[in-house]
1. How much length, in nm to one decimal, is gained on full extension between Val48 and Leu65, taken as 0.36 nm per residue of separation minus their Cα-Cα distance?
2. Which whole-Hz couplings ³J(HN,Hα) result when phi for each residue of the range 282-290 is put into the Karplus expression 6.51 cos²θ - 1.76 cosθ + 1.60, θ = phi - 60°, listed in order with x for Gly and Pro?
3. Quick one: plug the Kirkwood hydrodynamic radius of the range 85-304 (C-alpha pairs) into Stokes-Einstein at 37 °C, 0.692 mPa s, and report D in µm²/s.
4. Of Gly92, Ile116, Val161, whose Cα points farthest to the positive end of the dipole of the range 85-304 (charges on the beta-carbon: +1 Lys, Arg; -1 Asp, Glu; origin at the Cα centre)?
5. Largest first and in whole Å, what are the equivalent-ellipsoid semi-axes of the range 41-81 based on the Cα gyration tensor, each being the root of 5 times an eigenvalue?
6. So for each of 59-70, 210-221 I average, over its residues, the number of other beta carbons within 10 Å; can you give me the resulting order with the highest mean first?
7. Go through 156-165, 77-86 and give me the packing order, highest mean Cβ count within 10 Å leading.
8. Pop the C-beta distance of Cys40 and Phe73 into the FRET formula with R0 = 30 Å and round what comes out to the nearest 0.05.
Amino acid sequence: MVTEAIVTGKAVGPRTRGPRDSTGYRVFTWFNVTALVVICLLTLYPFVTLIAQSFSSSGAIKAGLVNALPVGFNLDTYHAVTSDGRFWGTYGNTVLYTVVGTVLAMALTTTFAYVISQQHLRGRNVLIGIAVFTMFFNGGIIPNYVLISSLELKNTMWAVVLPGALSVFNLLVMKSFFENMPRELEEAARIDGLGWWGIFTRIVMPLSKAVLATMTLFYSVSYWNDWFSAFLYLDKSELFPLSLHLRNLIAGASTTTAESAAAIGSTSAAISANVEAVTMVLAIIPILCVYPFVQRHFVSGVMLGSVKG
C-alpha cells in the first residue's frame, strides 16, 4: 500500500466496500440463482418425464408410476415405431418441408427487410404498413383454403411451405437490425463500385450472422412443428409431415399403434400406452441438436435486432 502511494503520488487507504459486498446484493444474487434453478427444473421436468415414459412399460404408465425415471424398462416400442415405414416417410417429409421452407423464408425475409430498412426508399412506409397490417388482419381459414385450392397447391409441398414463408415479426426484427448497421460501410462500398446486390451479399449479409442464425432457428422450429397446414391442405398420407403423423397417433386417428403391436405379437400391451412418448422423443431430437450450434448467436441476434441505439 505504501509502495502504491509512492508510485501514484496519492494516499491509499483501506479498500472501500462496493455494492457487490453488501448483504442486500448477496441476498438478491442467492434469490435470483435459486429462482432460475427452480424455473429450469420445472421446464425440464416434463421433458425428462416424457423420456422416462418412452422407456417404461404400459402398466407403469397407466398406473401413474413413471416420473423422472423409467419403470419396467423396455425398448419394444422404439423397435416398433422405427420399424414402421410410414414413420420414416413422414420424417423425411418433415426434413424436406423444413429445409425448403426455411431457405425460402430466409430469402424473402432478408431481401424484404433490407429494402424497407433503406430510409431514402420511396413508398417505404407503405410497404411497412402493408406488412404490419397482415399481423392483425387476415382472411381466415376458409378464404385461405379457397386460395390454396384455386392455385392448385393442395396435396403438394408448397401448400405447407408457402403460407408460412414470411413472418412479419421476424421481418421487423431483421429490419431493425439492418437499420442499426453503419451506413458508412454501404457508402464506402458504393464508392468502390458495388451495386445494391453486391452490397447486400458481400457487406450486409456477412455482418448479420447473429440475426440470420436466430431467424433461421425461428423458421426451422416453426416448420418442424407445424401440422395444421398439412392437416388442412394434404389428403395423401404419403405427404404427411411427422407432426401430423404424431397428431394422428395422439388423437387415435392412426392405425400405426395396432399394426406395430401386431408386428411384435406378445408385446402389444407395451406398445399402446407409450407409442406417443416414443414418437415425440424421436421427433424433437433433430431440433435439440440444432440449438447448440446457434445458441451463441441467439441472444445477440434478438437484442441487436430489437433495441435501437
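None of the figures in this text is laboratory data; all of them are computed from the coordinates on show. Bear in mind that the values here come from a model prediction, so they are computed numbers and not experimental data. Note that each Cβ is placed from the backbone with ideal geometry, even for glycine, and that neighbours are counted across all protein chains shown.
1. 4.7 nm
2. Coupling constants for the range 282-290: 5, 6, 8, 4, x, 5, 5, 6, 7 Hz.
3. After rounding, the answer is 165 µm²/s.
4. Value computed over the given set: Ile116.
5. The answer is 18, 12, 7 Å, longest axis first.
6. 210-221, 59-70
7. Put in order of decreasing packing, that is 156-165, 77-86.
8. Working from the Cβ atoms, E equals 0.70.
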